[in-house]
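The values are calculated or read from the model by the stated rules, or taken from the named source; none is laboratory data. Just so it is clear, the model here is predicted, and its values are computed rather than measured. Neighbour counts are summed over all protein chains in view; Cβ atoms, including those assigned to glycine, are modelled from backbone coordinates with ideal geometry. With ligands, DNA and RNA removed, areas are computed over all heavy atoms of the protein, side chains included. Shrake-Rupley method; radii C 1.70, N 1.55, O 1.52, S 1.80 Å.
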Amino acid sequence: MKKDLGVKPYVFPMPVLMIATYDEQEKVDVMNMAWGGICDDNMVALNISEEHQTTDNIKKRMAFTLSIADTLHLKESDYFGTVSGRNVADKFERTGMHAVKSARVDAPIILDYPLTLECKVVELEHTVNGGFRVLGEIINVIADSKVLDEDGNVDPTKLNAFVFDQFQNGYYKIGQKVGEAWKSGRKYIKKTK
């Protein structure tokens, strides 16, 4: 039996994405965000509130990096989503994490995360419902060698990524491969003569 739950943002899994930017004083700011993702082969979309320090930084620098949070840095990643850079001047420094300036975009690369997308802003959009959308072009992807397979490709089982659970506000580790994309469902493709 099915039960109506009303209007809820129930999509699972929700990625845990870490947006890193610089403020006007070159200070690193990192925000934990789940409302975004890939929207084309070389594009990402972020849906964020304009009240965030990160939003101000993006508007001024027109660049950001987007990292995949890993379980090794779960506490730091959760902290980045708990406090605002507007209220905590040493937000990034408190975690003991490390950053370097990207050579490609005007944003920091958080060295502790295993996978980072360097992005430049191509569009800022105020949506009808009062939201704010950032469309970013992926300029480059940087991966730690420890998450690559023998062919130099990212091995998702080595990322130790986790996802956000909007049902009960939890985090869940991912990584077990259970099928092959564009192959597992082939038995349903009808053969034509």
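Here are some residues: T82, T116. Which one is in a strand (DSSP E or B) and closer than 25 Å to Y171 by Cβ?
The match here is T116.
Select from region 158-193 the residues that are free of Cβ contacts under 8 Å to residues at least 24 places away in the same chain and polar (S, T, N, Q) and write down the one among them that is surrounded by the most Cβ atoms within 10 Å (Cβ to Cβ).
So, considering only residues that are free of Cβ contacts under 8 Å to residues at least 24 places away in the same chain and polar (S, T, N, Q), the one surrounded by the most Cβ atoms within 10 Å (Cβ to Cβ) is S184.
Here is a check on your reading of the model: is V128 surrounded by fewer than 16 Cβ atoms within 10 Å (Cβ to Cβ) and under 16 Å from M18 (Cα atoms)?
No.
Going through D106, D155 one at a time, which residue ends up being within 21 Å of the chain's Cα centre (by Cα), open to solvent by 30 Å² or more (accessible area, probe 1.4 Å), closer than 23 Å to I19 by Cα and touching a residue at least 12 places away in the same chain (Cβ under 8 Å)?
D106
Please indicate, with yes or no, whether at least one residue in region 126-143 is touching a residue at least 24 places away in the same chain (Cβ under 8 Å), part of a loop (DSSP other than H, G, I, E, B), of a type in the set (K, R) and touching a strand residue (DSSP E or B) at 6+ places or on another chain (Cβ under 6 Å).
No, because not a single residue in region 126-143 is touching a residue at least 24 places away in the same chain (Cβ under 8 Å), part of a loop (DSSP other than H, G, I, E, B), of a type in the set (K, R) and touching a strand residue (DSSP E or B) at 6+ places or on another chain (Cβ under 6 Å).
Taking interchain pairs and intrachain pairs at least six residues apart, which have beta carbon atoms under 8 angstrom, with the first residue in region 42-67 and over 20 Å from V16 (Cβ atoms) and part of a loop (DSSP other than H, G, I, E, B) and the second among the aliphatic types (A, V, I, L, M) and open to solvent by less than 40 Å² (accessible area, probe 1.4 Å)?
N42/I138; M62/V121
Any residue at all in region 13-29 that is under 25 Å from N153 (Cα atoms), at pLDDT 95 or above, open to solvent by 30 Å² or more (accessible area, probe 1.4 Å) and part of a loop (DSSP other than H, G, I, E, B)?
Taking every residue of region 13-29 in turn, none turns out to be under 25 Å from N153 (Cα atoms), at pLDDT 95 or above, open to solvent by 30 Å² or more (accessible area, probe 1.4 Å) and part of a loop (DSSP other than H, G, I, E, B).
Look at N47 and say whether it is modelled with pLDDT of 95 or more, under 29 Å from I174 (Cα atoms) and not hydrophobic (A, V, I, L, M, F, W, C).
When the stated conditions are applied, N47 does not pass them.
Go through V88, V121 for me and flag whichever is at negative phi, at pLDDT 95 or above and either among the aromatic types (F, W, Y) or open to solvent by 10 Å² or more (accessible area, probe 1.4 Å) (or both).
V121
In region 142-152, which residues are surrounded by fewer than 16 Cβ atoms within 10 Å (Cβ to Cβ) and touching an Asp or Glu at 6+ places or on another chain (Cβ under 8 Å)?
Scanning region 142-152 gives L148, D149.
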